[in-house]
Amino acid sequence: MLSRAAKESQVAELAEKLGRATCMYVVDYRGIDVESANQLRRQVRKEGGGDYEYRVLKNAVLRRATEGSDFAALADDFVGPTAVAMSFGDPAGLAKILDKFAEEHEVFELKSAVVSGEKLGRAEIATLATLPSLDELRGKIVGLLQAPASKLARLVSEPGAGLARIFSARSTQEDAG
């Protein structure tokens, strides 16, 4: 059993993390075996690169830490065995991990989430999980920005390259015959 000072420290640490978090997912992990829970933790750590965190916490600690924050809307879901997953970056990437895990383990229940100050239900989390991640979106934008520039470069260099090919062919013809 934790002492009062330890609980207060835990609440303060969680409140500080929530201040940096872009989203928080609330899950009911009842029925998940230890190996599966550890597998989820490893996957969250690996794919998040330090931007995702999955923790099992006491409901009272969660209620106190979320008081007065954007995540206070989740207080009604702090019932029973509760774990939270937080993202300090891309919310869609973490939603994909949790949604996939929930599909593979029927007893793992995604209760709700708060993303950018808005509370989401299970269906909305599943929709969020289908969106491309932040890195994928950045890649698409870079590709869109580079495409016109590369087409323009090819267009400008093609007449010169055509002339060079003609001169090369002519030179080869003269050498041959």
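The values are calculated or read from the model by the stated rules, or taken from the named source; none is laboratory data. Keep in mind it's a predicted model, so treat the numbers as computed, not measured. Cβ: placed from backbone, ideal geometry, glycine included. Neighbour counts: every protein chain shown.
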Any chance you could count how many residues in the range 39-57 are surrounded by fewer than 15 Cβ atoms within 10 Å (Cβ to Cβ) and either part of a helix (DSSP H, G or I) or in contact with a Ser or Thr (Cβ under 8 Å, 6 or more places away or on another chain) (or both)?
-> 5
Note on the range 1-30: residues more than 18 Å from Asp76 (Cβ to Cβ) and of a type in the set (Val, Ile, Thr) are Val11, Thr22
Are any residues in the range 13-38 at pLDDT 90 or above, under 17 Å from Arg64 (Cβ atoms) and loosely packed, with under 12 Cβ neighbours inside 10 Å, and if so, which ones?
-> Glu16
Just one of (1) part of a helix (DSSP H, G or I); (2) of a type in the set (A, V, I, L, M, F, W, C); (3) over 19 Å from the mean Cα position of the chain (by Cα) trips up Val107, so point out which.
-> (1)
Would you mind finding the one in Arg63, Arg4, Arg45 that is closer than 26 Å to Thr130 by Cα and among the charged types (D, E, K, R)?
-> Arg45
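Residue-wise test of (1) in a helix (DSSP H, G or I); (2) closer than 30 Å to Asp70 by Cα; (3) β-branched (Val, Ile, Thr); (4) outside the structural domain of Gly50 (by TED's automatic domain parsing).
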{"site": "Gly93", "(1), (2), (3), (4)": "yes, yes, no, no"}
{"site": "Thr127", "(1), (2), (3), (4)": "yes, yes, yes, no"}
{"site": "Lys151", "(1), (2), (3), (4)": "yes, no, no, yes"}
{"site": "Leu163", "(1), (2), (3), (4)": "yes, no, no, yes"}
{"site": "Phe167", "(1), (2), (3), (4)": "yes, no, no, yes"}
{"site": "Ser171", "(1), (2), (3), (4)": "yes, no, no, yes"}
Flag if Phe88 is in contact (Cβ under 8 Å) with a residue 12 or more places away in the chain and touching a Lys or Arg at 6+ places or on another chain (Cβ under 7 Å) = yes
Considering every residue within the range 85-95, establish whether at least one is in contact with a Phe, Trp or Tyr (Cβ under 7 Å, 6 or more places away or on another chain), of a type in the set (S, T, N, Q) and buried (at least 19 other Cβ atoms within 10 Å of the Cβ).
-> yes
Might you check whether a residue that is assigned by TED's automatic domain parsing to the domain that holds Val44, surrounded by fewer than 16 Cβ atoms within 10 Å (Cβ to Cβ), in contact with a strand residue (DSSP E or B) (Cβ under 8 Å, 6 or more places away or on another chain) and modelled with pLDDT of 80 or more occurs anywhere in the range 98-112?
-> no
